[in-house]
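The values are calculated or read from the model by the stated rules, or taken from the named source; none is laboratory data. Because the structure is predicted, anything quoted here is derived from the model rather than measured. Virtual Cβ from ideal backbone geometry, glycine too; neighbours counted across all protein chains shown.
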Amino acid sequence: MKNVSLILASVVMMLIASCKGETEKTTEKTVVIEKQVEATPVKEVEEETDGTSVSISKDGVDFSTKDGDKKTKVEVKDGAASVSSKK
């Protein structure tokens with residue numbers, strides 16, 4: 001019984017000694033780089049100019065006209081047409 005307790009005590013002492021080892025302390029430095037970014041100019045929305053425009057594509061035909069405050073737009077797509085008029 002003394003042999004078993006002596007062996008068990010020596011194993012416990014080796015485990016305590018092996019776990020007691022010091023760990024390395026590393027210091028990490030964080031580098032912050034600040035960079036100024038140029039502001040992009042904001043495009044101003046241009047008002048539609050008076051006149052007429054026609055657009056023909058494989059999707060259909062688009063016709064619009066503007067005269068002062070009056071605006072008319074006609075779209076023909078896939079055999080269906082839509083007309084909108086603003087005064």
* Structure fact -> Across region 50-80, the tally of residues that are outside any strand (DSSP E or B) and among the basic types (Lys, Arg) stands at 1
* For Thr23, indicate whether it is modelled with pLDDT under 70 and of a type in the set (S, T, N, Q). => yes
* Structure fact -> Note on region 48-87: residues surrounded by 10 or more Cβ atoms within 10 Å (Cβ to Cβ) and on the phi > 0 side of the Ramachandran plot are Gly60
* Residue list for region 40-63, restricted to those being of a type in the set (Val, Ile, Thr), at pLDDT below 75 and within 21 Å of Val83 (Cα to Cα) -> Thr49
